[in-house]
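One structure below.
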Amino acid sequence: MKTEDFAYIVETNKSFDEAVISVLKAVEQKGWSLFQIYDIQERLAAKGFKQKPLKIVEICSGKHANIFLNKNRLISLCMPCKINVLEENGKIKIAGMKPTIISQFFPEVSRKKTEEVEKDIKEIVDKAR
């Protein structure tokens, strides 16, 4: 499996902090809910480890989540959706997991339904770019 099979990644010319703010704005504009933001660099630094900037933004669409959970409650293992902002090789990247991969693990969820969610994720990432 290749990265592009499960992740949608774009580079941005924005600073790391600007990219995080752009993701938050795009999530809000799309009508999704923000659950949590994890600052991985900060949390690992507290344990004595050094990492480049990485924030994980957890988001959810109640409409999509409800449909998926009604199919199989174990889909909650793949929830909530995440959009990561990270620094890699001096570049700032925005990455989201492609929800279409869920239908490979949970065949009772149609690919069409996961494509709808993936479309939203890609739109959020692209808008944040």
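The values are calculated or read from the model by the stated rules, or taken from the named source; none is laboratory data. The shown structure was predicted, so the numbers you read here are calculated from the model rather than taken from an experiment. For neighbour counting, all protein chains shown are included, and Cβ atoms are generated from backbone atoms with ideal geometry for every residue, glycine included.
Computed quantities for the displayed model
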quantity: Unmet criterion (only one of (1) charged (D, E, K, R); (2) modelled with pLDDT of 95 or more; (3) closer than 17 Å to ILE121 by Cβ) for ASP5; calculated: (2)
quantity: ILE102 modelled with pLDDT under 95 and aliphatic (A, V, I, L, M); calculated: yes
quantity: Of residues in the range 59-88 being touching a Cys at 6+ places or on another chain (Cβ under 7 Å), assigned to a strand (DSSP E or B) and without any contact (Cβ under 8 Å) to a residue 60 or more places away in the chain, the one surrounded by the fewest Cβ atoms within 10 Å (Cβ to Cβ); calculated: CYS60
quantity: Where PHE35 falls short, out of the listed (1) of a type in the set (Phe, Trp, Tyr); (2) part of a loop (DSSP other than H, G, I, E, B); (3) in contact (Cβ under 8 Å) with a residue 12 or more places away in the chain; calculated: (2)
